[in-house]
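**Student:** Below you'll find the structure I mean.
The values are calculated or read from the model by the stated rules, or taken from the named source; none is laboratory data. These numbers come from a predicted model, not from an experiment. Don't worry about glycine lacking a Cβ; one is built from the backbone with ideal geometry, like all the others, and counts go over all protein chains shown.
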């Protein structure tokens, strides 16, 4: 979330919104977005509502109550404030959906009684207990006595010589006087500190005695307060499910009201995302711009390619389109005409804006870009923004490459916004029916960009004009213009030579592939022939064993009737024949280890070995990827048929259904590895929501799980499970 906010320049905007919240919470609103929108609209039309009280996070208190623990006084008072505020809302919301919502919140009577224990400062009232009232009265009297004692002490004539000033100083929560050296002749007290000037902070013994009484009373008051906290916590434990529910509903209302107050203060509107991929903006302004030129745009096709002048607003237009989709997705207000605007619904927003070069990982700019684009093929229902698409490599080569990539992404129903300075890619895609061209307009007369856009055409970059505008000497620009004209034909010849070389290499590649296929075919035939000979050999061997057995039988019969020496000679000869038949011609051959790219057999399935990690292999069979033990694989002789890429469609019975993973008892590393495989399998099956059980325990396992979810590219969001699905012991993951 933080990354996309930074990329779209929305961090200041979201920080301003969060200032309206009673307590921090995610931007995501769980549940039906249409219901959220209707309730927000009702709040917009509602008369002024009392501000929401500031609130602490109560997740810890829920866990304490689940273990029958004792809440702190501030936690109890937080629930009291929530109950009182919803009691107020139930009185003012008397119609429509807001009234129906409030009617569902039925507050138990015993919780109302607890609310009467507290004053507006969050302290227990004196009327709660006579002892409590007596202690408060005694504390008040001691405080007055200490004040009068200090005044009398300072007014003494003997002490006045040693007084540095006539103020009461508080040092380490104790009242003290600032005195010069030698004070011990006129006053008895304890030195509790020294000033930077060398004077002494002294607490008179009379004050020390009063302070001791005060501490005793405070201790009694804290003990009495603890007893009340214990009693109230016991009552709260019996209403734990209600407290969880009202705490969650408080966050829900807080999110609504914060959006409404933010919108009213900033004069912004809400737009409900539609079930489509269309984006039509009317008078939209990006919140990061001061006094911006409003955007009017109809982006109904799948690809919008923005070309034209440098510093003409192309990148900001891209960010504005993604920002509008982001704010609509999370029902955040924006400056827009909602009546004439349409914003589609997207599962994910993906921005490729920055230079991805990474020295630590030895990733170049272009390699990083390729990694980012490779990740797009695993996404669905995604709005993608790409700034300077040919960044990091030869523009002409990149144009050909990205033409193919973009066409494949179009086939996957991806929605893409692209900015580029190079016209070749734009010309290659211009005739595609799902590509819309947009050009940044340049004012030739005034030599400045207008920050306006013209639809349906390719724009010039105006590099020379921009260089002049930013201070490059005119002589250098003039020389560059001449070089550009002379070098144009040379560049075209070089490109043609590269094309001819590529065609020649492609022909050679086809020829080599054909020869390789023939070799593979011969290899398979040899293997089949070998297996045939082996089967024939086994048959002959079996026949010989049968003949031998018969011979032995006959020989034994001969022993009984004929000369024994002759019979034994024949019998020994028969045994020699048997020994010869069991001799196997063994050829020692070291097994060839499997490597990535080999064709392998797993059970009755055959596929391609994609990767090896320790003893686990990743194979691709019939378009599906499987993780299996390496020792279960055998080398396969099947020759892969040369054909077009097959696509496997996994039909899902219920895209919103939830699958469950239980990680109880597992170590952090083991749990993360199992969770990674679980998410991969869920994505293949088309699930969009997972429930992961990890328990509460020491919190290490839950921490490991959530840290992994933060960096997983396929995880949209995650949150604690509802009470009836595991609460803090489980996490709901949105893919």
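**Student:** For the stretch 77-103, give me the residue count where each residue is surrounded by 14 or more Cβ atoms within 10 Å (Cβ to Cβ) and closer than 22 Å to residue 239 by Cβ.
**Tutor:** Qualifying residue count, the stretch 77-103: 15.
**Student:** Further question on the same structure: Just to be sure before I move on: is residue 387 in contact (Cβ under 8 Å) with a residue 24 or more places away in the chain, touching a strand residue (DSSP E or B) at 6+ places or on another chain (Cβ under 9 Å) and either assigned by TED's automatic domain parsing to the domain that holds residue 349 or within 24 Å of residue 685 (Cα to Cα) (or both) in the structure I sent?
**Tutor:** yes
**Student:** Do we find a residue being at pLDDT below 85, in contact with a helix residue (DSSP H, G or I) (Cβ under 8 Å, 6 or more places away or on another chain) and either within 30 Å of residue 332 (Cα to Cα) or part of a strand (DSSP E or B) (or both) anywhere in the stretch 394-417?
**Tutor:** no
**Student:** Something else about it: Select from the stretch 311-331 the residues that are crowded, with 18+ Cβ neighbours inside 10 Å, part of a loop (DSSP other than H, G, I, E, B) and at pLDDT below 90 and list them in ascending order.
**Tutor:** 312, 313
**Student:** Looking at residue 69 and the list (1) assigned by TED's automatic domain parsing to the domain that holds residue 256; (2) within 18 Å of residue 226 (Cβ to Cβ); (3) surrounded by 17 or more Cβ atoms within 10 Å (Cβ to Cβ), which single condition is not satisfied?
**Tutor:** With (1) assigned by TED's automatic domain parsing to the domain that holds residue 256; (2) within 18 Å of residue 226 (Cβ to Cβ); (3) surrounded by 17 or more Cβ atoms within 10 Å (Cβ to Cβ) applied to residue 69, the lone miss is (3).
**Student:** Sort out for me the helices (runs of 4 or more DSSP H) sitting completely within the stretch 5-69 that have 2 or more residues that are modelled with pLDDT of 90 or more, under 24 Å from the mean Cα position of the chain (by Cα) and more than 22 Å from residue 347 (Cβ to Cβ).
**Tutor:** In the stretch 5-69, the matching helices (runs of 4 or more DSSP H) lie at 11-18, 59-66.
**Student:** Does residue 436 count as farther than 30 Å from residue 343 by Cα, surrounded by 12 or more Cβ atoms within 10 Å (Cβ to Cβ) and either touching a helix residue (DSSP H, G or I) at 6+ places or on another chain (Cβ under 7 Å) or at pLDDT 80 or above (or both)?
**Tutor:** Taking the combined requirement at face value, the residue does not satisfy it.
Table: residues versus (1) touching a helix residue (DSSP H, G or I) at 6+ places or on another chain (Cβ under 6 Å); (2) closer than 17 Å to residue 242 by Cβ.
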site: 8; (1), (2): yes, no
site: 33; (1), (2): no, no
site: 36; (1), (2): no, no
site: 60; (1), (2): no, no
site: 71; (1), (2): yes, yes
site: 76; (1), (2): yes, yes
site: 95; (1), (2): no, no
site: 99; (1), (2): no, no
site: 112; (1), (2): no, yes
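**Student:** In addition: Here is a check on your reading of the model: is residue 349 assigned to a strand (DSSP E or B), under 23 Å from residue 420 (Cβ atoms), in contact (Cβ under 8 Å) with a residue 60 or more places away in the chain and within 22 Å of the chain's Cα centre (by Cα)?
**Tutor:** yes
**Student:** So, of the residues in the stretch 332-346 that are assigned to a loop (DSSP other than H, G, I, E, B) and under 27 Å from the mean Cα position of the chain (by Cα), which turns out to be surrounded by the most Cβ atoms within 10 Å (Cβ to Cβ)?
**Tutor:** Among residues in the stretch 332-346 that are assigned to a loop (DSSP other than H, G, I, E, B) and under 27 Å from the mean Cα position of the chain (by Cα), the one surrounded by the most Cβ atoms within 10 Å (Cβ to Cβ) is 333.
**Student:** While we're on this one: How many residues are within 18 Å of residue 40 (Cβ to Cβ), assigned to a helix (DSSP H, G or I) and free of Cβ contacts under 8 Å to residues at least 24 places away in the same chain if we restrict to the stretch 81-103?
**Tutor:** Qualifying residue count for the region: 3.
**Student:** What are the residue pairs meeting all of these: first residue in the stretch 1-16, first residue on the phi > 0 side of the Ramachandran plot, second residue not in a helix (DSSP H, G or I), Cβ atoms under 6 Å, and 6 or more apart or on different chains?
**Tutor:** Within 6 Å, the pairs are 9/288.
**Student:** If only one of 282, 291, 267 is modelled with pLDDT under 90 and surrounded by fewer than 20 Cβ atoms within 10 Å (Cβ to Cβ), which one is it?
**Tutor:** Matching residue, one of 282, 291, 267: 291.
**Student:** Right, something else. With 206, 231, 239, 212 as the choices, which residue is within 38 Å of the chain's Cα centre (by Cα) and either more than 30 Å from residue 180 (Cα to Cα) or not assigned by TED's automatic domain parsing to the domain that holds residue 81 (or both)?
**Tutor:** 239
**Student:** Output the number of residues of the stretch 104-121 satisfying the condition of being surrounded by 15 or more Cβ atoms within 10 Å (Cβ to Cβ) and either within 40 Å of the chain's Cα centre (by Cα) or assigned to a loop (DSSP other than H, G, I, E, B) (or both).
**Tutor:** 5
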